[in-house]
Amino acid sequence: MILLIELIDIEKQYIRKKAEPFIALRGVSLKLEKGEIFGVIGRSGAGKSTLLRSINLLERPTSGTVIVGGDDLTKLGEKELQEKRKKIGMIFQHFNLLSTATVRENIAFPLKISKLPAKAIRQKVDELLELVGLTAQQHQYPRQLSGGQKQRVGIARALANDPDVLLCDEATSALDPQTTDSILSLLRDINRKMGITILLITHEMGVIRAICDRVAVMEYGQIVESGTVLDVFLNPVHPITREFVSEVSDTLGSEALNAFAGAGRVVRINFRGEQTYEPVLYETVRGTSATFAILQGTVSRMKDVPYGQLIVELRGSDEDVNRIITELGQRGLAVSEL
Amino acid sequence: MMMWMNAEQETPKTVWETLETFFAEVDPKMISKATNETLYMLGYSLLFTVILGLLLGVVLFLTSDKQLLGGKLYARILYAVLSFVVNVMRSVPFVILMILIMPVTKMLVGTSIGVEGSIPPLVVAAVPFFARLVESALREVDRGVIEAATAMGASRGMIVLNVLLRESRTGLIAAVTITAVTLVSYTAMSGVIGGGGLGDLALRYGYQRFRLDIMVVTVIALVILVQILQMVGDALVRYFSRK
Ligand SMILES: Nc1ncnc2c1ncn2[C@@H]1O[C@H](COP(=O)(O)OP(=O)(O)OP(=O)(O)O)[C@@H](O)[C@H]1O
Ligand SMILES: [Mg+2]
């Protein structure tokens with residue numbers, strides 16, 4: 001794994017008039033590996049945008065180190081920083097396109113900044129139009145486009161200078177669910193085909209689940225939990241994480257279970273990978289004289305990985321139930337008693 | 001006034017005939033010469049005003065709070081100084097400004113009277129006005145777009161040229177139109193120091209020699225000029241508008 005971006009102990013204070021400085025980031029550290037899609041999730045005001053914007057120094061951290069591709073950006077001069085920024089693409093919630101420029105001109109803009117010859121620009125823009133599927137709309141102005149199309153222009157523009165990383169600030173928050181899906185799958189394609197690392201921030205767990213490999217959860221200017229999406233999803237620890245997870249999954253922390261008073265012992269079983277589709281539970285229980293009842297369950301996919309989660313009541317002797325739990329564990333399932 | 005009353009007392013005439021007699025003494029050559037002078041003054045003063053005012057407006061915008069250079073100490077000082085100078089200049093009435101800067105005018109164009117002599121005061125009066133209009137037009141540009149350009153690695157110069165001036169172009173055209181119309185009325189005032197042009201004509205004949213006919217013609221000419229300026233300005237705004 002090659003490290004692409006490293007944020008070390010970032011602190012950001014916003015100076016306010018007639019008030020104490022507001023601390024938006026409190027010692028955040030983050031490592032981004034080449035080729036991954038990393039998601040940051042948090043409630044409004046958690047500091048997500050501030051974190052994202054400190055990577056290309058749109059917001060200069062009060063203290064801490066920002067390393068991108070081996071260079072400490074906070075130590076660079078203006079010209080060098082501008083060069084570095086060309087390799088850090090960025091897309092925005094509100095697209096931020098030039099309203100006076102056509103789709104084509106908008107995509108050509110960063111290339112013009114990089115002083116590419118006209119012919120090379122034309123060729124590159126054609127490729128990008130093709131990539132985002134806007135060749136037919138190339139001469140239209142932003143106001144004539146739908147939100148999804150505008151974001152596609154934003155993506156094409158961000159990719160123009162062949163960046164190593166794409167920073168996405170709530171890229172789908174202004175879009176309807178269908179359009180969100182199409183933009184997310186475009187981002188995933190870009191990640192796969194071009195190997196571009198993506199860092200996205202969102203307040204929707206659905207976005208994280210759809211395309212991210214790893215996730216960090218932010219609250220009050222800190223990362224409170226992080227790991228692979230599957231791990232965080234299946235074993236959320238922090239209360240805020242549990243909240244996010246419960247938004248997209250109905251298996252966890254439900255009140256219905258609290259009220260449940262069955263005869264047996266209730267366990268939660270997490271499946272991951274191809275195992276999800278195997279009759280593991282049945283096979284294990286069959287070897288004993290115990291029985292089981294499924295109280296709740298989901299089987300779904302996290303990005304490409306299938307996963308399942310069952311909440312099961314095991315009825316039988318303690319000995320049998322213990323044996324089942326041990327055996328499930330040996331077969332690679334995560335079992336926890338509730 | 002006398003002529004008007006005489007005409008009334010004679011045998012009744014059609015409106016057209018009345019107008020014909022009223023304007024009979026107006027020398028078309030005189031009017032066209034004055035119109036040309038006005039256009040000349042307007043053209044040059046507008047040209048210099050736009051160039052200098054655009055520069056000043058951009059500097060005011062960039063150094064103002066929370067903008068591209070905002071927050072840095074030198075920017076804050078520069079903004080405070082420029083802003084003060086602009087305010088002072090805008091608070092001096094044009095007629096007084098004209099007299100006040102006469103020595104400077106003489107240095108610049110060799111004379112402080114006539115058509116040439118009125119151009120420097122026109123520019124000096126219009127630049128601060130236009131610069132403020134430019135500053136507020138630039139403020140209308142979506143901050144997000146400026147930010148996107150910064151994130152792309154654009155330098156400040158590029159952002160000014162390719163984002164700020166481009167995105168605010170309809171606002172800038174409207175600002176030029178307003179300034180042009182204001183300059184037309186200033187050129188009329190420059191008649192006070194023998195500036196020439198339509199205003200000078202109206203003042204000399206209409207006011208000093210009671211020639212109401214000439215006064216009316218010059219006013220009509222000024223109205224037409226302002227109308228044309230406004231229409232052209234509006235048409236350009238419509239053409240460049242993409243919102
Ligand atoms: N320029 C600023 N001056 C003062 N405070 C600021 C500034 N920018 C952001 N903040 C504060 O910093 C905190 C974090 O802001 P940030 O934009 O990073 O949050 P966020 O997690 O992206 O929220 P959202 O989901 O609403 O976009 C907020 O409480 C905000 O009010
Ligand atoms: Mg935000």
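The values are calculated or read from the model by the stated rules, or taken from the named source; none is laboratory data. These numbers were taken from a predicted model, which means no experiment stands behind them. A quick note on method: Cβ atoms are made from the backbone with ideal geometry, for glycine too, and the neighbour counts reach across all protein chains shown. Note: areas computed on protein heavy atoms with side chains; ligands, DNA, RNA excluded. Shrake-Rupley method; radii C 1.70, N 1.55, O 1.52, S 1.80 Å.
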Residues satisfying the stated conditions in the stretch A:223-247, i.e. crowded, with 18+ Cβ neighbours inside 10 Å and within 16 Å of ligand 1 (Cβ to nearest atom): A:223, A:225, A:226, A:240, A:241, A:244
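Pick from B:94, B:129: which is among the aromatic types (Phe, Trp, Tyr), open to solvent by less than 40 Å² (accessible area, probe 1.4 Å) and away from every other protein chain (no Cβ under 14 Å)? Step through it out loud before you land on a result.
On the way: B:129 fails: open to solvent by less than 40 Å² (accessible area, probe 1.4 Å).
Sole residue among the options that is among the aromatic types (Phe, Trp, Tyr), open to solvent by less than 40 Å² (accessible area, probe 1.4 Å) and away from every other protein chain (no Cβ under 14 Å): B:94.
Does residue B:156 fit the bill of being more than 15 Å from the chain's Cα centre (by Cα) and either within 12 Å of another protein chain (Cβ to nearest Cβ) or crowded, with 19+ Cβ neighbours inside 10 Å (or both)?
Details: more than 15 Å from the chain's Cα centre (by Cα): yes; either within 12 Å of another protein chain (Cβ to nearest Cβ) or crowded, with 19+ Cβ neighbours inside 10 Å (or both): yes.
So residue B:156 fits the description; yes.
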Test: residue in the stretch A:4-21 that is within 16 Å of ligand 2 (Cβ to nearest atom), within 14 Å of chain B (Cβ to nearest Cβ) and not small (Gly, Ala, Ser): yes
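In the list A:44, A:54, A:49, which residue meets the criterion of being of a type in the set (Ser, Thr, Tyr), within 15 Å of ligand 1 (Cβ to nearest atom), closer than 17 Å to residue A:168 by Cα and part of a loop (DSSP other than H, G, I, E, B)?
Details: A:54 fails: part of a loop (DSSP other than H, G, I, E, B); A:49 fails: part of a loop (DSSP other than H, G, I, E, B).
Matching residue, one of A:44, A:54, A:49: A:44.
Residues A:93, A:151: which one is under 28 Å from residue A:34 (Cβ atoms) and away from every other protein chain (no Cβ under 11 Å)? Give the derivation first.
Working: A:93 fails: away from every other protein chain (no Cβ under 11 Å).
One residue alone meets the criteria, A:151.
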Residues of the stretch A:1-27 satisfying the condition of being over 22 Å from residue B:71 (Cα atoms), of a type in the set (A, V, I, L, M, F, W, C) and either open to solvent by 90 Å² or more (accessible area, probe 1.4 Å) or not in a strand (DSSP E or B) (or both): A:1, A:2
Enumeration of residues in the stretch A:309-334 that are open to solvent by less than 40 Å² (accessible area, probe 1.4 Å) and in contact (Cβ under 8 Å) with a residue 60 or more places away in the chain: A:309, A:311, A:333
Residue match in the stretch A:143-156 (condition: in contact with a His (Cβ under 8 Å, 6 or more places away or on another chain), surrounded by 18 or more Cβ atoms within 10 Å (Cβ to Cβ) and closer than 24 Å to residue A:50 by Cα): no
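Name the residues in the stretch A:87-99 that are open to solvent by 10 Å² or more (accessible area, probe 1.4 Å) and in contact with a helix residue (DSSP H, G or I) (Cβ under 7 Å, 6 or more places away or on another chain), would you? Can you show your working first?
So the first thing to find is which residues in the stretch A:87-99 are open to solvent by 10 Å² or more (accessible area, probe 1.4 Å), and the list is A:87, A:90, A:92-97, A:99.
Selection gives A:90, A:92, A:94, A:95, A:96, A:97, A:99.
Among the residues of the stretch B:181-189, is there at least one that is of a type in the set (Ser, Thr, Tyr) and either surrounded by 22 or more Cβ atoms within 10 Å (Cβ to Cβ) or not in a helix (DSSP H, G or I) (or both)?
Residues of the stretch B:181-189 that are of a type in the set (Ser, Thr, Tyr), as a first pass: B:182, B:185-187.
This time we only want the ones that are either surrounded by 22 or more Cβ atoms within 10 Å (Cβ to Cβ) or not in a helix (DSSP H, G or I) (or both), so: B:186-187.
Yes, the stretch B:181-189 contains at least one residue that is of a type in the set (Ser, Thr, Tyr) and either surrounded by 22 or more Cβ atoms within 10 Å (Cβ to Cβ) or not in a helix (DSSP H, G or I) (or both).
Could you please let me know if residue A:68 is closer than 16 Å to residue A:154 by Cβ and either within 14 Å of ligand 2 (Cβ to nearest atom) or within 14 Å of chain B (Cβ to nearest Cβ) (or both)?
no
Return yes or no: is residue A:191 surrounded by 17 or more Cβ atoms within 10 Å (Cβ to Cβ), more than 16 Å from ligand 1 (Cβ to nearest atom) and within 11 Å of chain B (Cβ to nearest Cβ)?
Values: surrounded by 17 or more Cβ atoms within 10 Å (Cβ to Cβ): yes; more than 16 Å from ligand 1 (Cβ to nearest atom): yes; within 11 Å of chain B (Cβ to nearest Cβ): no.
When the stated conditions are applied, residue A:191 does not pass them.
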Pair list, Cβ < 7 Å and 6+ apart or interchain, from the stretch A:34-60 residues that are open to solvent by less than 30 Å² (accessible area, probe 1.4 Å) to residues that are of a type in the set (Val, Ile, Thr) and within 9 Å of ligand 2 (Cβ to nearest atom): A:40/A:201; A:48/A:201; A:52/A:201
Residue match in the stretch A:285-308 (condition: part of a helix (DSSP H, G or I) and either assigned by TED's automatic domain parsing to the domain that holds residue A:263 or open to solvent by less than 40 Å² (accessible area, probe 1.4 Å) (or both)): yes
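Any residue at all in the stretch A:54-65 that is within 17 Å of the chain's Cα centre (by Cα) and within 16 Å of ligand 2 (Cβ to nearest atom)? Outline the logic, then answer.
So the first thing to find is which residues in the stretch A:54-65 are within 17 Å of the chain's Cα centre (by Cα), and the list is A:55.
Then drop every residue that is not within 16 Å of ligand 2 (Cβ to nearest atom), which leaves A:55.
Yes.
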Total residues in the stretch A:261-284, condition open to solvent by 70 Å² or more (accessible area, probe 1.4 Å) and in contact with a helix residue (DSSP H, G or I) (Cβ under 7 Å, 6 or more places away or on another chain): 1
